Amino acid sequence: MKLELKNIKHTEWASEETHCYQAALYVDGKPVAIVSNDGHGGCDRDYDHPKFKGDYRATMKAVHDYFKTLPKTDPCEWMPDGMEQQLEFWCADQVNEFLNKKHIMSNVKRILKKVSFVQDGKLLQFGTNLKPSTMTFQQIRRHDTSLKDVKFLNEMTLDEVATIVVEMSA
């Protein structure tokens with residue numbers, strides 16, 4: 001069973017004890033449910049997705065049964081035997097991943113506003129008066145021989161830069 005949480009909408013200001021969010025649950029590539037939480041510590045809610053065709057209760061029972069087949073979570077101090085896997089926990093993990101990626105991408109976009117590169121394991125940037133462009137990169141390489149072979153982050157894809165940023169912050 002392949003599960004995906006798509007179209008995640010998160011409201012930071014309303015998230016108190018849990019995430020305040022709404023998202024579409026896809027099962028095997030098809031929309032099945034809208035899941036949400038109001039952020040006040042209660043359980044997630046789910047109802048059938050407007051595009052879902054089929055027996056909603058049977059499909060959601062199959063989803064919940066799938067989680068029962070998964071191994072328990074790792075033990076911790078307050079749960080020495082681990083916990084049963086549940087859709088709600090999985091949804092929270094997916095929202096956390098979404099928020100982490102969103103945070104990383106906002107950092108990447110901020111970094112790429114300046115001419116940026118990594119040298120000797122450090123992120124280096126030129127001043128704000130120098131705008132990233134192919135011509136700028138050529139001029140820098142021509143005038144500073146130590147940067148002749150450097151690959152500017154601005155020349156990479158967002159995912160490549162995100163990977164570098166994550167590795168540097170670890």
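The values are calculated or read from the model by the stated rules, or taken from the named source; none is laboratory data. Quantities reported herein were computed from a predicted structural model and do not represent experimental measurements. Quick reminder, even Gly has a Cβ in these numbers, built from the backbone with ideal geometry, and neighbours come from all protein chains shown. These area figures cover heavy atoms from the full protein model, side chains too; ligands, DNA and RNA do not enter into them. Shrake-Rupley method; radii C 1.70, N 1.55, O 1.52, S 1.80 Å.
Scanning the stretch 113-138 for residues that are open to solvent by less than 40 Å² (accessible area, probe 1.4 Å) and under 17 Å from Glu167 (Cα atoms) yields Ser116, Phe117. Summed over the stretch 139-158, residues that are open to solvent by less than 100 Å² (accessible area, probe 1.4 Å) and assigned to a helix (DSSP H, G or I) total 9. Among the listed residues Asp74, Asp81, identify the single one that is touching a Gly at 6+ places or on another chain (Cβ under 7 Å) and either at pLDDT below 90 or of a type in the set (Phe, Trp, Tyr) (or both). The unique qualifying residue is Asp74. Annotation: of all residues in the stretch 47-68 being touching a strand residue (DSSP E or B) at 6+ places or on another chain (Cβ under 7 Å) and surrounded by 15 or more Cβ atoms within 10 Å (Cβ to Cβ), the one that is nearest to Asn7 (Cα to Cα) is His49.
The residues of the stretch 22-43 that are open to solvent by less than 40 Å² (accessible area, probe 1.4 Å) and either among the aliphatic types (A, V, I, L, M) or touching a Cys at 6+ places or on another chain (Cβ under 8 Å) (or both), listed by number, are Ala23, Ala24, Leu25, Val27, Val32, Ala33, Ile34, Val35, Asn37, Gly39.
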